[in-house]
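These notes concern the structure reproduced below.
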Ligand SMILES: *Cc1c(COP(=O)(O)O)cnc(C)c1O
């Protein structure tokens, strides 16, 4: 099939929720993708922070196919080696005590919300269910995670939403105004990805942690986008020197297959009992085998490379005429320019560079394995498009 035919069929049969770029990819290697006409693209999106080691990664493929040769699915009525191994590695690397696996970021956050509400009710009574999130946050597309998302634009059409979510500004005064005796959790993204790569202030995050500790409120970090090495830290909270009670992650963890994980630390490790939560596919052995091969390679050496590459890119990007600001950490970067971000993304794609947008900004989330040549190519194209 050629690319044009695929696009026609997609438009006819796929529900129209995605404003796609007019490109269908056929193959790739690392940070380079190829469309059906053989045109090459350098990838600075990673399928939205998913393909940590790019596409067609040999180690990940071997882990996945080795598991396919054994068994592809058992249900969670039985034990599987990849699921147990991955949970152990996550706990060893973070200090978490227990992990629940789902299939997406939204599900990881749903799990966190359930844990927080059960914790609230069992320790303080049935009214302790309120969860504070931040304005401009993004926590997912299910009805409940949309309710948790502090942006009006996501609250059209789908109400009534579950009660109990309130949105604070990213200041401790605003958070304190929202906190009361019925608050069971505060959930934040250390860097808000979807709404523009907004890096939260370090003191603010520490103050949130402190408020949570003092009042026995669970501190939840949504690391769906920031996690798994993206920021130059395994999880972004580690850059803030705080200790959440719950960390959710997804996107990059699976290296391209769907997974979500909700990590429970000391305080809430034993909240869940039999029957409290579940998922048919959650922790699927093929996905977990692949995820293990990803997570086990995110070591100190890789993380310091990510920080170095991030600095290199940020410096080069700041120097482009027309770039008003550069935000982010590691290989999660937002660019503010005076042109519409969607227009920049479209022109970059025409020139063979894949970038993302985040509200008014251009967003870069390249594979962590991006090379210097590929970074230089990205800077050159962005420079041409932005300063044009
Ligand atoms: C992408 C994202 C989600 C939702 O993840 P899905 O896998 O699409 O359900 C939740 N939180 C954050 C911070 C995200 O970036």
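General observations
- Taking other C-beta atoms within 10 angstrom as a stand-in for reagent exposure, 248, 80 fall in the order 80, 248, fewest first.
- Protection-proxy order for peptides 14-25, 275-286, each taking the mean of Cβ atoms within 10 Å per residue, highest first: 275-286, 14-25
- The angle between the Cα long axis of helix 58-70 and the main principal axis of the chain comes to about 60°, on a 0 to 90 degree scale.
- Measuring nothing but how far apart in sequence close Cα pairs (under 8 Å, 6+ apart) lie, relative to its length, region 60-296 scores a relative contact order of 31 percent.
- Sorted by Cβ density within 10 Å, fewest first, the residues 332, 263, 375: 375, 332, 263
- Cα gyration tensor, region 60-296 - rounded (a/c under 1.5), prolate or oblate: prolate
- For the chain, the mean residue ellipticity at 222 nm estimated from helices alone is -12000 deg cm²/dmol, where every DSSP H run of n ≥ 4 contributes -39500 (n - 2.57) and the total is divided by all residues, rounded to the nearest 500.
- Tensor-based shape of region 315-388 (alpha-carbon gyration tensor, a/c under 1.5 rounded, otherwise prolate or oblate): rounded
- Cα centroid of region 19-59 to Cα centroid of region 259-320, whole Å: 21
- Cα gyration tensor shape for region 117-205, rounded if a/c is under 1.5, else prolate or oblate: oblate
- Region 106-140-region 208-229 distance, computed between alpha-carbon centres (Å): 12
- For peptides 363-370, 129-136, sequence by mean Cβ density within 10 Å, most packed first: 363-370, 129-136
- Note on region 68-103 and region 324-364: Cα centroid distance 36 Å, given to the nearest whole angstrom.
A short reminder: the numbers here are calculations on the coordinates, not readings from a lab. The model shown is predicted, which means the values in this text are computed figures rather than measured ones. Quick reminder, even Gly has a Cβ in these numbers, built from the backbone with ideal geometry, and neighbours come from all protein chains shown.
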